[in-house]
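The values are calculated or read from the model by the stated rules, or taken from the named source; none is laboratory data. None of the values given here were measured: they were computed from a predicted structure. Because the Cβ atoms are built from the backbone with ideal geometry, glycine has one as well, and the counts that use them run over all protein chains shown. Note: accessible area is taken over every heavy atom of the protein model, side chains too, but ligands, DNA and RNA are not part of it. Shrake-Rupley method; radii C 1.70, N 1.55, O 1.52, S 1.80 Å.
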Amino acid sequence: MDRFKHIDINDPGDRRDYTRPRGGGGGEYRVPPRDDRVGHGQRLINQITSVREDLGRQADVSGHTIHNVLLDVVGPTKDLQLASLESLYKGIELRSATSREGRTYATVYVPERRLGEFIKKIEAYMGEERTRKGRPLNEPLVAGIDEVRIPVLKSFWTDDSDLFPTDAQTPIWWEVWLQRRVDDEEDTAFVEFASIASNSGLRVGTNVLHFKERLVFHVHGTVRQWTTVFVPLLDRLAELRKAKEVASEFLRIQPRDQRQLIEDLVQRLTVPPTTAPAICVLDYGVSKEHPLLSPFLSPEDQHALDPAWTKVDHRNGHGSEMAGLGVYGDELPRLLGSNDLPLTPHRVESVRILNDSSPNPEDTWGWVTQEGVARAEQAAPERPRVVLLAVTANDRGRDFGYPTSWSAAIDQSAAGELDDSRRLFVVSAGNIRTIQDEAADRYPTANLEEHRIEDPAQAWNALSVGACTEMIQIRDEGLAGHTPLAKQGELCPTSRTSVSWPDQEWPIKPDIVMEGGNYTRSPSGSVHATEDLCLLTASGSTVGNLLAWTSDTSAAAAQAARMAAILQSEYPHLWPETLRAMLVHSAAWTPAMVAQVPGDLQSDKHRRLRCFGYGRPDLDRARFTLRNRVALVHQGQLQPFERVRENRELKIRTKDFRLHALPWPADALAGLHEIGARLRITLSYFIEPSPGRRGWKQRFRYQSHGLRFKLRGPTETEEMFRQRISQEEWDEDGGRPSTADPIPWALGSNLQTRGSVHSDWWDATGADLAACGQIAVYPVTGWWRERPHLGKVDSIARYALVVTIETEAEDCDLYSPIVNQLATPVTIEVDA
C-alpha cells in the first residue's frame with residue numbers, strides 16, 4: 001500500500017472573539033456553620049493580635065526587627081477560601097497552602113500597615129450589615145477559618161508531613177522556596193537569604209531555579225540551625241520541602257560477547273550527519289568508544305555537569321544502555337541476526353548529570369536538568385534534539401501528581417519560558433524497585449493501588465512513558481516451571497501508574513507506554529528477572545561484553561525518544577508540541593490492556609488511561625499517511641486573554657478562538673453509509689508553570705492557560721457550531737442556543753481536559769463524518785489571566801492539532817480529494 005507524508009494545514013483558521021457560554025460551573029460554596037458569629041470573629045481577632053505580640057517578642061530576643069506579619073491560617077480542607085486570603089494590590093500574599101489530616105494550612109503574608117484591614121474584614125463579618133443575599137459580609141472567608149496561629153518552621157512544610165525531621169539535630173537537605181517580588185532583581189531574595197544564613201551553620205546551595213513568583217534552591221542543615229534564622233527570614237520564606245534523591249538501581253544482566261555480529265551490523269549503518277537531530281541523554285554518560293554508539297556520538301557532544309567529573313561513569317552503563325535503545329530501539333536482536341538495514345537518521349548527545357559519589361547534591365534536580373540540557377545546546381545550538389531523562393526520584397511517588405521544583409523546571413524549559421526555545425522532554429514514569437521482593441499475586445494490584453508515578457514524570461509538558469510488554473517466551477532451561485508474570489500486551493510488572501493519585505484532575509500520566517520487558521513467576525510464587533524477557537542493548541563496556549540486557553520504564557522512555565527523533569528527522573518543521581501530539585495520536589490500547597483494566601464506563605476508561613496512558617504508539621502511523629487513513633497536521637496560535645476597559649474599569653477577559661475549516665473528503669465519506677470509520681483529534685500545547693503550593697485552584701492554578709477542541713456535529717450548521725463554542729456568536733434576541741456536544745466521543749469531554757495534551761476519537765460511519773469538517777480551538781483560564789500583575793495577560797499560545805480520518809474500506813481514497821483541494825504536490829510516496 002502506498003504511504004505518504006502527513007498533510008500540513010497551513011491556513012491559520014478564522015480568528016473569532018471568544019466568551020465562554022454562560023451556564024455550568026462548579027457547585028455553590030458551602031459555608032461552615034458558625035452559631036456564634038460574633039464570638040468566632042472576636043476569637044480570630046484575638047489570635048491575630050496574639051501572633052503580632054509573639055512575633056514582636058521573638059524579634060526582641062533575636063535582635064531583628066519584624067516589619068510585617070506572617071499568619072498561619074487553619075481551616076477545613078474544602079472550606080478555607082484560599083483566594084480570599086490574598087489581596088495582591090494591598091501586598092497581602094498567600095505564600096503556601098497544604099492539606100493534611102482533613103484540614104488546610106495556609107501561610108499568609110500581611111504587611112504591617114495592612115494588618116488593620118485584615119482585621120476589618122473580620123469586624124465586618126461580625127457586624128449587622130448584610131450582602132444582597134442576606135448573609136454576613138465576608139462570610140465565606142471568615143467562617144472558613146478555624147484558627148490563626150503564629151507560624152513555626154513546620155508551618156512552611158508542604159511535603160508529606162511524615163518527612164519533616166523528628167530530630168532537631170539531624171541534618172537533611174531542604175528544598176527552599178522563597179518569595180520573588182515583581183520588582184526584584186533575579187537573585188535579590190537569594191542574596192538576602194544567604195546573607196542572613198551565613199552564620200547559622202546552614203549550608204546553602206549555589207544553583208537557583210527561577211520561577212515567576214518563586215526562587216528554589218537547596219539548603220543542608222538541621223531544624224535547630226533553622227531556628228536561629230527563622231524570624232528574619234519570615235519576610236521571604238514561602239515553602240519548605242524535603243530534597244529529592246535520585247535512584248540509581250537498575251537491572252543489570254551480563255550478556256554474551258557478540259563482537260563479530262556488532263561489527264557486521266556497523267558495516268551496514270547509514271551514519272547521519274552532525275546536523276541531524278539528536279537524542280540528548282541525561283544520565284551517567286554514554287561511552288563514545290562503544291562500536292554500536294561511536295558512529296552516532298562525537299567527542300564534542302560528550303559533556304559532564306561538573307568539569308571535575310569524567311564524561312562517562314564506566315562503573316555504571318545505564319547511559320550507554322539508554323543510548324543503545326535510543327538508536328536501535330527494540331530491534332537490535334533482529335538486526336544482529338540478519339542483514340537488514342537499521343533506521344538510524346538521528347544522533348546521540350551525552351550529558352553526565354549523575355554521580356554516585358555525590359548521592360545528595362546540593363543542587364535541585366530541576367536545575368541539574370536545565371543545566372544539563374544547556375551544556376548540549378551551547379555545544380550545538382542549531383541542532384534539533386529530543387531530551388531523554390530515564391531517571392526518576394527515589395520518592396515512591398510521594399508527590400501524588402502535584403508539581404515539584406523538578407517537574408516544574410521541565411515544564412518551564414519545555415515551554416521556553418527562560419529563553420524562548422521549546423523542547424521535547426521524554427521522561428520515564430519510574431519503576432517498582434521492590435518487584436522481586438513482592439509476591440507475584442500482587443501484580444497488577446500493587447501497580448494500580450500503591451505504586452504511583454515518580455517525580456518528575458508528572459510534568460505537564462513532558463512525554464511521560466510507562467512500560468508494557470509483549471515478551472512472554474521463556475527459553476532458559478533453568479527456569480522450568482516459571483511463567484511470565486504479565487500476559488502478552490499487558491502492563492510491565494514494574495511500571496508505575498497514576499491510578500491512585502487522589503486528585504484525578506492532574507494530567508493523564510503516563511502519556512504512552514512502550515516495551516519494558518517482563519518478569520517470571522516461579523512455582524512458589526516468587527518474582528524473578530530473566531534475560532529472555534528483557535531488551536538487548538549496548539553495554540557500558542568497550543571491551544569484553546559489548547551487549548547488555550535492560551528493562552523497565554527507563555528502557556521504554558529511550559524507545560519513545562527514538563520514535564520522536566525519527567519523526568523530527570523526517571518532519572524537521574514540526575514543533576516539540578507537535579512531536580508529542582504525533583506519538584500520542586498514534587497510540588492505542590491493546591486488547592490485553594482493555595482486558596487487564598476492563599469496563600466501558602467513563603470511570604473505567606479513566607482508570608485505563610492512568611495505567612497505560614493512550615496506549616502503545618505505532619511508528620508507522622506516526623510517520624505515514626495512507627489512502628484510507630489520512631492525517632492532517634496544523635501548527636497554529638491564538639491569544640487566550642486580553643485587557644479590556646469596561647465602564648472605566650480595567651478587566652481581563654478571554655479573547656480568541658480559532659475556527660478551522662479543514663479540507664474534508666466529504667464526497668468520499670458520504671458514500672460510506674454502512675462502513676465503519678474513525679475520526680481522531682489530538683490537541684497539544686505547552687503551559688508555563690506556577691509551581692508554588694497554594695492550592696492550585698482559582699488564581700493559584702499551576703497552568704498558565706488551557707486550550708480545548710470541539711468538532712462540528714453531523715447535523716449542525718456552521719452558525720450552530722459557532723454558537724456552541726462562544727457566547728459572542730449568540731443572537732441578542734435568539735435565546736440561548738444549545739451548547740451540548742453532539743459527538744459521542746470514546747473518552748468524553750471530562751477525560752479530554754486533563755493536562756496539556758488532549759486526544760479522543762469517534763467511531764461512526766463515513767456518512768456521519770462527511771459533514772464534520774470544522775474544528776474549533778478555544779481557551780480556558782489559567783494564571784496568565786488570574787494573576788495579571790505577572791505581566792503575561794497578552795501572551796500568545798501556540799498549539800498543534802492532529803486530525804486523522806480513516807475507514808475500514810481499503811479501496812476508499814480519502815487522500816487524493818484532500819490533496820486536490822489543497823493543490824499540494826505529493827512529497828513522498830513509498831511502496832510498503
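A compact table of results
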item: For the chain, radius of gyration divided by Kirkwood radius, i.e. Rg to Rh on alpha-carbons; result: 0.98
item: Geometric extent, Cα atoms of segment 255-309 - Rg, Dmax (angstrom); result: 13.3, 37
item: Backbone HN-Hα couplings from phi across segment 299-304 [Karplus 6.51/-1.76/1.60, Hz, Gly and Pro as x]; result: x, 6, 9, 9, 9, 9
item: Over segment 700-832: Rg over Rh, Cα atoms, Kirkwood Rh; result: 1.03
item: Sequence-distant residues sharing a close amide H with residue 676 (under 5 Å, placed H); result: 808
item: Over the chain: helical MRE at 222 nm, DSSP H runs n ≥ 4 each giving -39500 (n - 2.57), nearest 500; result: -7000 deg cm²/dmol
item: Solvent-accessible heavy-atom area per residue, rounded to whole Å², over the chain at 1.4 Å; result: 39
item: At 1.002 mPa s and 20 °C, Stokes diffusion of segment 126-199 via Kirkwood alpha-carbon radius, µm² per second; result: 125
item: Relative contact order (percent, whole number), segment 638-682, Cα cutoff 8 Å, 6+ residue spacing; result: 27
item: Dimensions in Å of segment 166-206 - Rg and Dmax from alpha carbons; result: 12.4, 38
item: Quotient of Cα Rg and 2.2 N^0.38 Å for segment 345-416, N being how many residues it contains; result: 1.21
item: Coordinate range along principal axes, alpha carbons of segment 563-622, Å, largest first; result: 40, 18, 13
item: Projected label distance in nm at residue 15 and residue 573, using a 7 Å step from Cα toward the beta-carbon; result: 2.1
item: Average projection area in nm² (convex hull over Cα atoms of segment 495-577, one quarter of hull surface); result: 9.2
item: Within straight-line cross-link reach of residue 5, aspartates and glutamates at Cα separation under 14 Å, skipping those fewer than 8 residues along the same chain; result: 570, 620, 829, 831
item: Dimensionless Rg over Rh [segment 557-661; C-alpha; Kirkwood]; result: 1.14
item: Cα-based Rg of segment 770-818 normalised by 2.2 N^0.38 Å, two decimals; result: 1.96
item: Anchor residue 244: lysines whose Cα lies under 26 Å away (excluding residues fewer than 8 positions away in-chain); result: 154, 212, 311, 509, 697
